[in-house]
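Here the structure is laid out as structure tokens; the discussion comes afterwards.
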Amino acid sequence: KAGVTQTPRYLIKTRGQQVTLSCSPISGHRSVSWYQQTPGQGLQFLFEYFSETQRNKGNFPGRFSGRQFSNSRSEMNVSTLELGDSALYLCASSLGGVSNQPQHFGDGTRLSIL
Amino acid sequence: QQQVKQSPQSLIVQKGGISIINCAYENTAFDYFPWYQQFPGKGPALLIAIRPDVSEKKEGRFTISFNKSAKQFSLHIMDSQPGDSATYFCAATFGQNFVFGPGTRLSVLP
């Protein structure tokens, strides 16, 4: 069974630009969550999508948004990039959600802002 | 109340020794406590998880001990191996909330 796939693996952008990251969950998983990982803040929850609906959102500004398609694939968009957005962005999928069941993570997209 | 505290920040253990990582939480609504292992350049991988109605769970060399009254849980890695060198994260969830601890960097010396 294929794991969670995130593309691209690496991305370099400049301040003010926008970026879209993609996540393909494990087949059959309907929940996709996004996390930001930085050395200073650790792993922080961004948002979770289930059946194309955002169910929960972390404490991030509105520049961070996402969506989920009918095949459960998800995209995350960050607009007006800032230097502080440099991070590893991780996507995780699960059968029903983040609570009370295992999440399976992809290897992330490393975003660098110049 | 949404925080999960984790200690130590880093840990060095000799091969064959026991590695112990501790976590503590405040919110009694948390109902699922997974541990993740992350190697450099990789995403976190689920190691083992426990629910609050169980005090201990063992899978191979990995054991979670859970103390509901103290709101603490810990990961024990028996017979630690150099291949266990990684960063370990505890986590806690309830509803649609998922909170990670800050991580422990484990180094197992050969």
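Could you work out the relative contact order of chain B? I mean the mean sequence separation of Cα pairs under 8 Å and 6+ apart, divided by the number of residues, in percent.
37
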Taking the alpha-carbon centre of each part, the distance from segment A:53-114 to segment B:1-59 in Å is 22
Rounded to two decimals, the Rg over Rh value of the protein assembly as shown from Cα coordinates and the Kirkwood Rh reads 0.97
As straight-line cross-link partners of B:LYS42, the qualifying aspartates and glutamates (C-alpha separation under 13 Å, not fewer than 8 residues apart within one chain) are A:ASP107
With +1 on the Cβ of every Lys and Arg and -1 on the Cβ of every Asp and Glu, the dipole magnitude of segment A:15-114 about its Cα centre, in debye rounded to the nearest 20, is 100
Restricting to aspartates and glutamates and to Cα separations under 19 Å from B:LYS5, and discarding same-chain partners fewer than 8 apart, the set is B:GLU26, B:ASP31
Placing +1 on each Lys and Arg Cβ and -1 on each Asp and Glu Cβ in the protein assembly as shown, then taking the dipole about the Cα centre, the residue among A:GLN54, B:LEU46, B:TYR88 whose Cα reaches farthest towards the positive end is A:GLN54
Toy charge model, Lys and Arg Cβ at +1, Asp and Glu Cβ at -1: the protein assembly as shown dipole around Cα centroid in debye, rounded to 20, equals 220
Chain A: relative contact order from alpha carbon pairs under 8 Å, six or more residues apart, as a whole percent, is 37
Summing +1 per Lys or Arg and -1 per Asp or Glu among the other residues with Cβ less than 15 Å from A:VAL19's Cβ gives +3
Between B:GLU56 and B:SER69, the two model label points (7 Å from Cα along the beta-carbon direction) sit apart by a distance in nm of 1.7
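Any read-out appearing in this document is the output of simple, stated calculations on the displayed coordinates, not a laboratory observation. Every value quoted in this text rests on a predicted model; they were computed, and no experiment measured them. No Cβ is skipped: glycine too gets one built from the backbone with ideal geometry, and neighbour counts run over all protein chains shown.
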